[in-house]
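Enquirer: Have a look at the structure that comes next, please.
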Amino acid sequence: MTDEQLKNMKQELEAQLKSLEERMEHTEEFETSELSNYDNHPGDNATDLYDQERGMALEQFKEEEHEDVLAALKAIEEGTYGKCAVCGKDIPYERLEAMPTALTCIDHADHSLDLESRPSEEDVLGSSTDRPARSEDGRIRDYENSFEDVENFGSSDGPQDQPGEDQEDFYKDDEAEEDEQFK
């Protein structure tokens, strides 16, 4: 990498750092302005929660990006920028142009997904049931929402609840029997 290229990369990283710090400074703090959530629809509360979680994820992403930029600037100061931190080979300038914070060559870039980690929400959320089980028909039952089992004993569904059905068909047999009784 030439001195001119290194100078350009340093300027780009410094501009990126300044932009990140400005964005981090103007990040909204999520607060609820509600005195009580009692009268709020659960969907509204869920939307607020989603917005807060999204904001926290974006904030975390900005912080990680900030750390990466600082590490790249430190590598420039130490004279190791442009060299792979793992194998010591030169990092192609094209890679540095595309990703100025890269401290490793493409061969040592971390492409593995961490499939073992779970969302942080699972640390505080419990299972929806203590005993999920399979029923005779093979469906999983949680015994918390067992409407299907109760519905087998009857429901208030009537002809008006059946979409696309001709209501006259529901009463044909009864009318025919009544007509025969009066003859």
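Enquirer: Between Asp44 and Leu70, what length comes free when the chain is fully extended (0.36 nm per residue of separation minus the Cα-Cα distance, one decimal in nm)?
Expert: 5.5 nm
Enquirer: Put a dot 7 Å past each Cα toward the Cβ at Glu77 and Lys7; how far apart are the dots in nm?
Expert: Result for the modelled spin labels: 2.1 nm.
Enquirer: In nm, to one decimal, how far is the modelled label at Leu17 from the one at Met56, with both set 7 Å along Cα→Cβ?
Expert: In this crude spin-label approximation the distance works out to 3.0 nm.
Enquirer: 7 Å from Cα along Cα→Cβ at both Phe147 and Arg95: what's the point-to-point distance in nm?
Expert: 5.5 nm
Bear in mind that the values in this text are calculations on the coordinates, not laboratory data. Note that the structure is a prediction, hence the values are computed from the model and not measured. Every residue, glycine as well, gets a Cβ built from its backbone with ideal geometry; the counts of neighbours run over all protein chains shown.
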